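Below is one structure; the comments refer to it alone.
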Amino acid sequence: MTGTHLGMPAFPEAAREAVRDGVLRANLRHATHTIRDKRARAVAELADWDRLRAAGKAVKDHTLRHLDRYLLQLEAAVTAAGGTVHWAADADEANRIVTGLVLATGEREVVKVKSMATQEIGLNEALEAAGIAAYETDLAELIVQLGHDRPSHILVPAIHRNRAEIRDIFRTEMGRWGRPAPEALGDDPRELAEAARLHLREKFLRAKVAVSGANFMVAETGTMVVLESEGNGRMCLTLPETLISVVGVEKVVPTFRDLEIFLQTLPRSSTAERMNPYTTMWTGLGPSRGADGDGPTAFHLVLLDNGRTDTLADEVGRQALRCIRCSACLNVCPVYERAGGHAYGSVYPGPIGAILSPQLRGTSSEIDASLPYASTLCGACYEVCPVAIDIPEVLLHLRERVAQGGPVTRDGIRVTLRPAHGHTAERAAMRAARLLLDHPGALRAGMRLLARARRLRPRRLPGPGRAWTDTRELPAVPAESFRDWWTRERGNPQ
Amino acid sequence: MRVALFVTCVNDALYPRTGIAVVRLLERLGVTVDFPAAQSCCGQPQYNTGYRHEAEPLMRRTAEAFAGYPYVVTPSGSCAAMIREHYPRMGRKAAGEGRGTSLAEAADSLAPRVYELSEFLVDVLGVTDVGAYFPHTVTYHPSCHGLRALGLGDRPRRLLAAVRGLELVELPGAEECCGFGGTFAVKNPDVSAAMGADKTGSAAATGAEVLCGADNSCLAHLEGLLRRAGTPLRAVHLAEILAATEEEPLS
């Protein structure tokens with residue numbers, strides 16, 4: 001993955017800032033609670049939700065198990081439909097391919113439809129370095145781009161911004177990128193949307209090259225499927241002459257019929273809609289094949305690995321590749337609600353980010369080593385996941401990787417990771433606690449000592465315990481442990 | 001009926017009142033309670049922090065301590081979930097690492113015999129009215145492991161609703177985590193405290209006198225926040241309320 005976010009402080013430090021930002025917390029709370037409640041209602045409408053969820057999981061698991069076969073089938077189908085398939089092992093390779101394709105058209109600007117994959121590889125920055133301007137056309141992405149900001153949510157990248165902030169960004173920034181915002185722009189959603197529409201329309205009509213991602217790629221037909229709310233994506237897919245799509249290898253589904261499941265579960269899980277407003281399905285080229293003359297005359301599909309096949313090699317962690325990027329886990333997560341998306345230091349925030357990023361990027365950076373611990377393991381994310389990713393199970397698996405090390409696949413090679421740095425004291429404490437707990441006699445003696453010293457109980461603890469006593473009182477130490485009470489009342493236990 | 005009490009390390013050391021309440025409650029219902037002395041911690045702190053190998057000896061100890069008991073009752077949804085959900089996983093992993101099948105066998109043998117208190121009362125004993133008396137307004141926080149990993153459902157609330165004199169008020173956002181999360185409370189103290197403060201705030205706003213839960217770990221975190229903030233609301237374990245009677249009220 002891109003180095004953009006690496007060098008971020010570990011999650012606890014990044015989250016501390018967010019927790020103290022009252023406006024941010026209010027924005028996040030309002031947005032996540034609204035979508036959370038709506039999602040629950042939309043899901044409750046379907047009597048067969050559990051079966052759809054199981055079916056989605058089964059299709060994804062089957063596809064991942066035979067990924068090599070389905071990717072080759074996809075390549076053949078896309079090629080037969082007039083497209084060109086490119087394979088990218090990592091971010092650098094994908095960026096090189098896309099940059100080369102754009103430069104070959106002679107164009108120096110592209111329009112983009114919201115895509116997690118291109119954010120993951122840092123494509124906009126790579127294009128900029130090659131002298132190519134990339135314009136985001138999803139409303140929320142536009143807000144983020146104009147605000148020189150980073151997305152903080154998979155589906156609602158500007159979730160951390162309120163209306164007044166957006167108005168200010170539009171007023172000061174739009175004119176520097178194209179059509180300026182109206183002089184007296186207010187913060188009414190309709191006015192803001194209209195300003196964005198006029199600004200973007202100029203870009204759509206001018207652009208010769210578009211860059212997209214995809215929600216699904218159908219292996220049997222070579223069909224690209226893009227789900228969206230605003231129609232800007234459809235403009236990107238149909239107006240320009242050249243379309244370049246960067247798609248993670250895990251996005252493939254075997255048959256057209258499989259879409260039946262995901263076109264029900266994805267919209268309800270993500271935007272709490274029965275169906276998303278725009279579902280664009282695109283197979284191959286436009287004018288040369290279609291009667292209506294719509295669509296690009298050149299289509300390039302860049303299939304992106306970037307850590308995915310390494311993740312696939314891990315039998316617990318691979319379930320993260322089932323993710324359809326609906327963001328239900330973010331919206332339900334109480335940790336995300338307080339910390340915000342930026343604290344995760346990754347384009348994939350929230351619970352799914354906490355298990356995906358340390359697998360795609362490895363656990364060697366401070367931020368990646370802290371992500372598996374950015375959860376209380378409350379299980380709400382697993383409960384809402386439409387493809388039943390057991391996120392708590394993967395979090396525990398990755399915690400073990402960080403704390404104890406273990407086998408892992410990197411660039412296709414099986415290696416044994418050593419424990420991450422900075423866990424020496426914790427490991428010693430865990431070991432000491434285990435030794436004590438495994439010797440009930442010693443444990444009992446320790447409890448008695450504690451009971452005798454109970455009046456000396458400090459209000460503030462030193463070391464890691466300070467984190468507890470900074471905000472919370474310590475529990476009072478009882479005069480007698482349960483074990484001693486039992487012995488006094490009932491005699492020695494068996 | 002004879003059952004083994006798994007009191008949990010947190011209750012043993014810090015909340016003996018919870019264990020005592022379970023003993024009094026079960027004996028009042030005609031159950032004979034044993035306290036196997038070899039028991040210790042279930043290993044959850046180690047396991048949840050990523051130290052699976054340090055958790056294994058504690059898992060073996062726990063399985064051995066309760067061998068031979070058809071029912072093991074514990075007043076902690078979180079420790080029950082550790083044994084039921086994670087012990088079998090740990091056993092399979094140890095076997096997968098070529099360390100034999102004995103851990104897996106111990107785990108698979110213990111897991112189905114472990115009951116969280118409210119489960120044991122409702123499912124095994126078949127009671128919801130346990131003859132308790134507690135004349136106070138109570139709101140209930142269902143801790144995540146009990147709620148999601150064990151699927152306790154409304155069992156605790158049904159038990160509370162049957163207590164004479166008790167007025168049960170619903171806790172808004174009850175299903176949201178309180179922010180304890182084991183070592184999360186220490187590793188991510190700011191987020192943990194923010195979550196806890198929202199939880200105690202909702203609980204206080206119900207006007208209840210008592211915030212009830214079925215896990216002393218979550219309650220320790222919430223009680224710590226309540227006391228630091230000077231809120232009069234008390235955090236009390238479900239077992240203590242169910243054990244209280246007119247003759248022996250909760251002190």
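Is it the case, given these coordinates, that A:LEU227 is in contact (Cβ under 8 Å) with a residue 40 or more places away in the chain and part of a helix (DSSP H, G or I)? No: the conditions fail for A:LEU227. Is it the case that segment A:470-488 has a residue that's closer than 22 Å to A:ASP314 by Cβ and touching a Phe, Trp or Tyr at 6+ places or on another chain (Cβ under 9 Å)? No.
Considering segment B:205-226, the residues that are of a type in the set (D, E, K, R) and open to solvent by 10 Å² or more (accessible area, probe 1.4 Å) include one that is nearest to B:PHE184 (Cα to Cα), namely B:GLU223.
Within segment A:426-477, if we keep just the residues that are within 22 Å of B:THR231 (Cα to Cα) and either over 38 Å from the mean Cα position of the chain (by Cα) or of a type in the set (S, T, N, Q) (or both), the residue that is nearest to the other protein chains (Cβ to nearest Cβ) turns out to be A:THR471. Scanning segment B:119-141 for residues that are in a loop (DSSP other than H, G, I, E, B) and out of contact with any strand residue (DSSP E or B) (no Cβ under 6 Å at 6 or more places or on another chain) yields B:LEU125, B:GLY126, B:VAL127, B:THR128, B:ASP129, B:VAL130, B:GLY131, B:ALA132, B:PHE134, B:PRO135. Could you look through segment A:398-413, keep only residues that are touching a residue at least 60 places away in the same chain (Cβ under 8 Å) and more than 9 Å from chain B (Cβ to nearest Cβ), and pick out the one that is most open to solvent (accessible area, probe 1.4 Å)? Across segment A:398-413, the extreme among qualifying residues is A:ASP411. The residues of segment A:63-86 that are charged (D, E, K, R) and surrounded by fewer than 17 Cβ atoms within 10 Å (Cβ to Cβ), listed by number, are A:ARG65, A:ASP68, A:ARG69. Of the residues examined, A:ALA313 is one that is surrounded by fewer than 24 Cβ atoms within 10 Å (Cβ to Cβ), modelled with pLDDT of 95 or more and among the aliphatic types (A, V, I, L, M).
One line per residue, one yes/no per condition, for (1) open to solvent by 10 Å² or more (accessible area, probe 1.4 Å); (2) of a type in the set (S, T, N, Q):
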{"site": "B:ARG17", "(1), (2)": "yes, no"}
{"site": "B:ILE20", "(1), (2)": "yes, no"}
{"site": "B:PRO36", "(1), (2)": "no, no"}
{"site": "B:GLN46", "(1), (2)": "no, yes"}
{"site": "B:ARG52", "(1), (2)": "no, no"}
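Look at A:ILE244 and say whether it is under 28 Å from the mean Cα position of the chain (by Cα) and outside any strand (DSSP E or B). It is false that A:ILE244 is under 28 Å from the mean Cα position of the chain (by Cα) and outside any strand (DSSP E or B). Put simply, of A:LEU371, A:LEU301 the only residue that is open to solvent by less than 10 Å² (accessible area, probe 1.4 Å) and more than 17 Å from the chain's Cα centre (by Cα) is A:LEU301.
Go through A:SER375, A:SER346 for me and flag whichever is within 13 Å of another protein chain (Cβ to nearest Cβ) and assigned to a loop (DSSP other than H, G, I, E, B). If you could, list the steps in order and put the result at the bottom.
Working: A:SER346 fails: within 13 Å of another protein chain (Cβ to nearest Cβ).
Exactly one residue qualifies, and that residue is A:SER375.
Applying a threshold of 9 Å to beta carbon distances and a minimum spacing of six or more residues, or different chains, the list of pairs starting in segment B:198-217 at a residue that is closer than 18 Å to B:GLY146 by Cβ and ending at one that is of a type in the set (Lys, Arg) and open to solvent by less than 30 Å² (accessible area, probe 1.4 Å) reads B:LEU211/B:LYS199.
Set side by side, the residues A:ALA193, A:ALA158, A:ALA104, A:ALA89 differ, and just one is hydrophobic (A, V, I, L, M, F, W, C), surrounded by 18 or more Cβ atoms within 10 Å (Cβ to Cβ) and either modelled with pLDDT of 95 or more or closer than 30 Å to A:HIS30 by Cα (or both), which is A:ALA158.
Search segment B:1-18 for residues being within 21 Å of B:ALA67 (Cβ to Cβ) and not in a strand (DSSP E or B), and hand back the single one that is farthest from the other protein chains (Cβ to nearest Cβ). Give the derivation first.
Let us first name the residues in segment B:1-18 that are within 21 Å of B:ALA67 (Cβ to Cβ), namely B:1-9, B:12.
Add one more test, that the residue is not in a strand (DSSP E or B), and what stays is B:1, B:6-9, B:12.
On the way: B:MET1: 17, B:PHE6: 11, B:VAL7: 5, B:THR8: 9, B:CYS9: 6, B:ASP12: 5 Å.
Once the filter is applied, the top-ranked residue is B:MET1.
Out of A:VAL347, A:VAL332, report the one residue that is of a type in the set (A, V, I, L, M, F, W, C), open to solvent by 10 Å² or more (accessible area, probe 1.4 Å) and under 11 Å from the mean Cα position of the chain (by Cα).
Details: A:VAL332 fails: under 11 Å from the mean Cα position of the chain (by Cα).
Result: A:VAL347 is the single residue among A:VAL347, A:VAL332 that is of a type in the set (A, V, I, L, M, F, W, C), open to solvent by 10 Å² or more (accessible area, probe 1.4 Å) and under 11 Å from the mean Cα position of the chain (by Cα).
The values are calculated or read from the model by the stated rules, or taken from the named source; none is laboratory data. The structure presented is a predicted model; accordingly, all values stated were derived computationally and were not measured. Methodologically, a virtual Cβ is constructed for each residue, glycine included, from the backbone with ideal geometry; neighbour enumeration extends over all protein chains shown. Only protein heavy atoms, including side chains, enter the accessible area calculation; ligands, DNA and RNA are left aside. Shrake-Rupley method; radii C 1.70, N 1.55, O 1.52, S 1.80 Å.
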